[in-house]
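Chemist: Let me begin by handing over the structure; questions about it come next.
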Ligand code: AMP
Ligand code: MN
Ligand code: MN
Ligand code: MN
């Protein structure tokens, strides 16, 4: 079993790296990557916990990218930790995340929600605030019936508390991942609701700056979407990755429980396994 995409408490996941490892071992996962949003802070703990267990850990990250007017997620897999240039890159991303958190809070203030930033910081337990933390706050204070509704009413693209963010660009993200010794993979390509023309344009640009793979199987993708994504790999001669995008108990797909990779795809992980 392989899972190259999931989240811990260090971003918007529910579990500690140790608890994730426990679940991964239970699911018989042999190759496992933690890919928190714009941070590698949880990885050392995962490596430490995995010592002496029959599982190979790949260090990962899910980088937020601004491409045209879209928020695109790019996985960096196999990056080396303690790379000062990459750490600097992540620090810039987090600066943008903090500013966005403050901007979202100001929007919510206008809508009658007081002190949102302080409250989401308490919910997250750290500074790497994601929109799911705001969603949790809106549910907690009775504004929304669940997180989905919070995205639909406030936090989703174009809604009243949505703040466009000047995340890093496609080329910088790929280059930084490469310089840190990793490979770049476009996460969940069908989630962006791009037209086919736009999606092809994104992937062509991604490939032209050194992108290596596409996440062909991700969390809640349907069989049709998986086949479409596999088709993209063939068309653009890219490798394929798989992952659950597990965030915790609310995730429908558990660790390692995503659909299998279509046989006609070339996996990204051959370089790490024999
Ligand atoms: P952020 O990086 O702060 O923009 O947050 C993005 C994260 O929000 C994603 O990784 C998902 O975990 C979550 N998310 C995005 N859209 C939705 C949605 N419609 N409902 C619930 N969670 C969502
Ligand atoms: Mn997330
Ligand atoms: Mn994502
Ligand atoms: Mn993710």
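Chemist: What three numbers, in Å, describe the spread of the alpha carbons of the range 50-102 along their principal axes, ordered from the longest?
Modeler: If we take the Cα atoms of the range 50-102, the spans are 43, 22, 20 Å.
Chemist: With r defined as the distance between the Cβ atoms of residue 208 and residue 140 and R0 fixed at 35 Å, what FRET efficiency is calculated, to the nearest 0.05?
Modeler: Computed FRET efficiency for residue 208 and residue 140 comes out at 0.20.
Chemist: Give the relative contact order (percent, whole number) for the chain; include only Cα pairs under 8 Å separated by 6+ residues.
Modeler: With pairs under 8 Å counted, the relative contact order is 20 percent.
Chemist: Taking Cα atoms, how many degrees apart are the long axis of helix 131-140 and the longest axis of the chain, rounded to 10 and kept between 0 and 90?
Modeler: 50
Chemist: Divide, for the range 1-49, the radius of gyration over alpha carbons by 2.2 N^0.38 Å, where N is the residue count.
Modeler: In units of the globular-protein estimate, the range 1-49 measures up at 1.01.
Chemist: In nm, to one decimal, how far is the modelled label at residue 69 from the one at residue 254, with both set 7 Å along Cα→Cβ?
Modeler: 4.2
Chemist: Where does helix 84-110 land angle-wise versus the long Cα axis of the chain, in degrees 0 to 90, nearest 10?
Modeler: Computed tilt is about 30 degrees.
Chemist: Assuming 0.692 mPa s and 37 °C, estimate D for the range 112-184 with Stokes-Einstein, Rh taken as the Kirkwood radius over Cα pairs, in µm²/s.
Modeler: 234
Chemist: Turning to a different aspect of this structure: Which value, in Å³ per residue, describes the convex hull spanned by the Cα atoms of the range 41-161?
Modeler: Hull volume normalised by residue count: 134 Å³.
Chemist: Something else about it: Could you tell me what a quarter of the Cα convex hull surface of the chain works out to, in nm² with one decimal place?
Modeler: Mean shadow area of the hull around the Cα atoms is 13.6 nm².
Chemist: Something else about it: Suppose we keep just the DSSP beta bridges with both residues in the chain; what percent of those would be antiparallel, to 5?
Modeler: The antiparallel fraction comes to roughly 40 percent.
Chemist: What's the angle, to the nearest 10 degrees (0 to 90), between helix 170-179's Cα axis and the longest principal axis of the chain?
Modeler: Between helix and principal axis, roughly 60 degrees.
Chemist: Right, another one. Can you compute the radius of gyration and Dmax for the range 9-79, using only the Cα atoms, both in Å?
Modeler: 13.1, 45
Chemist: Sorting 217, 209 on the 10 Å Cβ count, fewest up front, what's the list?
Modeler: Ordered by Cβ neighbours within 10 Å, fewest first: 209, 217.
Chemist: Sticking with this structure for a sec: Two decimals is fine: what's Rg over Rh for the range 128-225, C-alpha atoms, Kirkwood radius as Rh?
Modeler: Reported Rg/Rh (Cα atoms, Kirkwood Rh): 1.04.
Chemist: Also, quick follow-up: Can you give the % of DSSP beta bridges in the range 32-172 that are antiparallel, to the nearest 5?
Modeler: Roughly 60 percent of the beta bridges in the range 32-172 run antiparallel, per DSSP.
Coordinate-derived values only; no laboratory data. Here the structure is a predicted model, which is why all the values come from computation and not from measurement. Methodologically, a virtual Cβ is constructed for each residue, glycine included, from the backbone with ideal geometry; neighbour enumeration extends over all protein chains shown.
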